[in-house]
Amino acid sequence: MKTMLLTMSATVALLANSEELYKNCAGCHGEHGELSAMGQSKIITAQESNLTVKQLTAYKEGELNQYGLGNIMLLQLSKLSPEEIKELAIYIENMDKNSSSE
């Protein structure tokens, strides 16, 4: 029982941090990833996390400039660690589930 409570607490803390990380994304992608950023990108809700990690890492390293949004993404991601990028990607992958719990 104690292990289950600790796991649940860790999950809640991770979700709270993920929501905080996503706040920087919401201005362009929408509160639940439902918008096409700047009217150009694909909608990101429920995008597979491995693809998101690959794309976000490439944006952060200046190697990706999809839809001409590379500089904006580079600025947004510049301070995120690889662990935070992975956490954000998992949050995005589960975004349809995250938004349905509100």
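What are the residues in segment 61-71 that are buried (at least 16 other Cβ atoms within 10 Å of the Cβ) and either in contact with a Ser or Thr (Cβ under 8 Å, 6 or more places away or on another chain) or part of a helix (DSSP H, G or I) (or both), if any? Reasoning before the result, please.
Here is the first cut: in segment 61-71, the ones buried (at least 16 other Cβ atoms within 10 Å of the Cβ) are 64, 69.
Once the filter is applied, which keeps residues that are buried (at least 16 other Cβ atoms within 10 Å of the Cβ) and either in contact with a Ser or Thr (Cβ under 8 Å, 6 or more places away or on another chain) or part of a helix (DSSP H, G or I) (or both), segment 61-71 yields only 69.
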inquiry  = Residue pairs, Cβ under 7 Å, 6 or more apart or interchain, first in segment 20-41 and at positive phi, second part of a loop (DSSP other than H, G, I, E, B). List them.
reply    = 33/43; 33/44; 33/45; 38/69
task = Give the residues of segment 18-50 that are among the polar types (S, T, N, Q) and surrounded by 14 or more Cβ atoms within 10 Å (Cβ to Cβ), sorted by residue number.
result = 18, 24, 36, 41, 45, 47, 49
request  = Residues being over 13 Å from residue 95 (Cα atoms), modelled with pLDDT of 95 or more, among the hydroxyl-bearing types (Ser, Thr, Tyr) and not in a loop (DSSP other than H, G, I, E, B): count how many of those fall in segment 7-60.
outcome  = 2
Sole exception among (1) modelled with pLDDT of 95 or more; (2) at positive phi; (3) of a type in the set (A, V, I, L, M) for residue 88, by number = (2)
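The values are calculated or read from the model by the stated rules, or taken from the named source; none is laboratory data. Note that the structure is a prediction, hence the values are computed from the model and not measured. Positions of Cβ are generated from backbone atoms using ideal geometry, with glycine treated the same way; all protein chains shown enter the neighbour counts.
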